[in-house]
Amino acid sequence: MNAFHAYCQKALDNIRAQGRYRVFTPLQKRAADFPWYLRPDGSRVLVWSANDYLAMGGHPVLVEAACEAARTMGAGSGGTRNISGTSPVHDDLEAELASLHGKQAGLLFTSGFVSNQAALSTILNTFPDGPDERWHVFSDAKNHASMIAGIKGSRATVNIFRHNDMAHLESLLRAAPAAAPKLIAFESVYSMDADIAPIGAICDLAARYGAMTYLDEVHAVGMYGPNGGGVSERDGVAHRVDIIEGTLAKAFGCHGGYITGDADVIDFIRSTAPGFIFTTSLPPMTAAAALASVRHVRQDHARRAKLFERADALKQRFDRAGLPRIESNSHIVPLHVGEATLCTELSQRLLTEFSMYATPINYPTVPRGEERLRFTPGPLHTDEMMDSLTAALLQIVPQKHRRAA
C-alpha cells in the first residue's frame, strides 16, 4: 500500500507540473436561470461549456414529468430490470428512441459510456477466435474513450484509421481477411474537433467490404435532422447504419445512454451484455423526463434552428476579433490555445475576472499541443452575452495566439 500511495503522489505531482491537473469548479445549475449558474458565495456565473445543448435540462415539460413519476414510482428503480421488473416508462422510452432513429428496437443503459462499452465489447466477443473468424474492428482515431474501452474489452483485431480518412479506412478494409466479420465504429459529431463524419461514404465502404456499422450520435441526437435523429437522419442514411448509439444526457437534458438497431441484435445484447444485465436500471423519474424530452424535442424545430443560429453568431464574433477559432461545421466552437498551463489559466481568469466559465480541454482528452477552450453556445445565449465573452477573451488571450481580424 505504501508503494502504491507513493506512486499516486508522484503521478499527481507530474500531472500538476504539466498544468493539466483537473480541479472541479463548484457551480450549481439553476433550472429557471440557465445558462447562469451559482457559485457557493451566491454570485452568478455564465456557463459556456455545458452539454445541455438545447437548454432542455430545466424545461418545465421535463421537470413536471420527473416530479410526477417520482410521486408515483419513487426516486429509484430498485434494481436491474431483471430483478425488480421493467417499468412501462422504460419500454415506452426505448420504443420512442427506436422510432427516432427508424430502427426496430432500442435498449437503455445507465450512461452513454456504458452503452458504448457494453454494446461494442458484447458484439466483438461473439465469434470464435480463429484468424478468419475473429472480428476485425475499424475504429476512427478520434473515437471517444467509451468506444475505445468497449473495443479493448474484446478479442477483436483492432484497426485504427486516420480521422475521417476514407482512403485509409478502405486500405485497412481491403487488407483484412475477406471472410472475417468486420465492424466500423465511428462518431457523427466529434465533440473536441467539432467536425462531422462522412457517414454516407462510410456506409458505402461498409457495403463494399461486408462490414457492420456502429455509429455514436451522442453529440448530434436531438439537434440534427428533421426530427432530431442526428446527422444520420439529416443526411438520409440512418437506415444504412446497423447500430445507432446515443445519449439522453446532452441535447435531451436528462441522463442515460441507449442503442438502437435490428430487433434480434438488440435482444441479443439485452440478453448477454454484463453492462446491462448487472446494472441498476435508470430511475423511472429519469426515464419519464427523458421520454418527455424526446417527444418534445422531436416537435420543437425552432429550438434546433436557434441552436445553430447561436453557434454561427459566436463563430462570426470570434472570427471578426481574430481569436484562434478551430474550424467547425457543427454547433461546437473550440478555441485553440496549444499550451496546457495557459489553457487552464485562461479558464480560471474567465471565471475569476469575468464570471464566465469555459472548460479547459487538455491532454489526454486532446493531444499535447492541441489544448483548447470549448464553447457550446445554446438557444439561451444572447448577443450581449456573446459580446461580453468576446471582449473578455480579447483581454486575456495573448496577442501571439490571435489571428489577423
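Below is a table of values for the structure above.
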item: Residues of type aspartates and glutamates that K152 reaches as a straight line, Cα spacing below 16 Å, ignoring anything fewer than 8 places off in the same chain; result: D129, D140
item: Listed residues R270, R71, R162, most fluctuating in the chain (Gaussian network, C-alpha, under 10 Å); result: R71
item: Positive-end residue, segment 300-405 charge dipole about Cα centroid, Cβ charges, pick of L350, L394, F308; result: F308
item: When segment 229-300 is reduced to its Cα atoms, the Kirkwood hydrodynamic radius in Å; result: 13.7 Å
item: Whole-percent carbon and sulfur share, accessible surface of segment 1-132, 1.4 Å; result: 57 percent
item: Beta bridges by DSSP in the chain, antiparallel share as percent, to the nearest 5; result: 55 percent
item: Shape category assigned to segment 1-93 from the gyration tensor of Cα positions, a/c cut at 1.5; result: oblate
item: By accessible area with a 1.4 Å probe, ligands and nucleic acids excluded, highest first: order of H90, H401; result: H401, H90
item: Three-way shape label, segment 301-377, alpha-carbon gyration tensor, a/c 1.5; result: prolate
item: Over 29 Å between alpha carbons, listed pairs K29/K315; K10/K250; K103/K142; K250/K315; K29/K306; K250/K400; result: K10/K250; K250/K400
item: Signed unit charges on C-beta, dipole axis of segment 1-152, positive-most listed residue P60, H101, N14; result: N14
item: Test item: Cα-centred dipole of segment 230-325, Lys/Arg +1 and Asp/Glu -1 on Cβ, debye; result: 700 debye
item: For segment 268-377, size of Cβ-based charge dipole, Lys and Arg +1, Asp and Glu -1, in debye; result: 480 debye
item: Surface accessible to a 1.4 Å probe, D193 within the full protein complex, Å²; result: 30 Å²
item: Solvent-accessible area per residue for the chain (1.4 angstrom probe, square angstrom); result: 43 Å²
item: Residues whose placed amide H lies under 5 Å from that of G229, excluding near-sequence neighbours; result: G222
item: Residue range of the chain that is longest and free of chymotrypsin sites (Phe, Trp or Tyr not before Pro) which are both DSSP loop and sparsely packed (at most 14 other C-beta within 10 Å); result: 25-277
item: For segment 359-405 versus segment 137-178, the gap between their alpha-carbon centres in whole angstrom; result: 31 Å
item: Largest-first principal axis extents of the Cα set of segment 117-231 (Å); result: 43, 28, 24
item: Calculated diffusion of segment 116-175, Stokes-Einstein form, Kirkwood radius summed over Cα pairs, 37 °C and 0.692 mPa s, µm²/s; result: 277 µm²/s
item: Solution diffusion estimate, µm²/s, Stokes-Einstein, the chain, Kirkwood Rh from C-alpha pairs, 37 °C, viscosity 0.692 mPa s; result: 146 µm²/s
item: Segment 1-73, dipole about Cα centre (Lys/Arg Cβ +1, Asp/Glu Cβ -1), debye to the nearest 20; result: 360 debye
item: Top of N14, N82, N227 by mean-square fluctuation, Gaussian network on the chain, Cα under 10 Å; result: N14
item: Selection from S281, T376, F268, by position along the positive dipole direction of the chain (Cβ); result: T376
item: Sum of side-chain charges, A141 neighbourhood, beta-carbon under 9 Å (Lys, Arg +1; Asp, Glu -1); result: 0
item: With every protein chain in place, segment 294-354: carbon and sulfur % of accessible area (1.4 Å); result: 49 percent
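The values are calculated or read from the model by the stated rules, or taken from the named source; none is laboratory data. Fair warning: this is a prediction, and the values are worked out from it, not measured in the lab. Every residue, glycine among them, receives a Cβ derived from its backbone with ideal geometry; neighbour counts consider all protein chains shown. We work out accessible area using only protein heavy atoms, side chains counted, and drop any ligands, DNA or RNA first. Shrake-Rupley method; radii C 1.70, N 1.55, O 1.52, S 1.80 Å.
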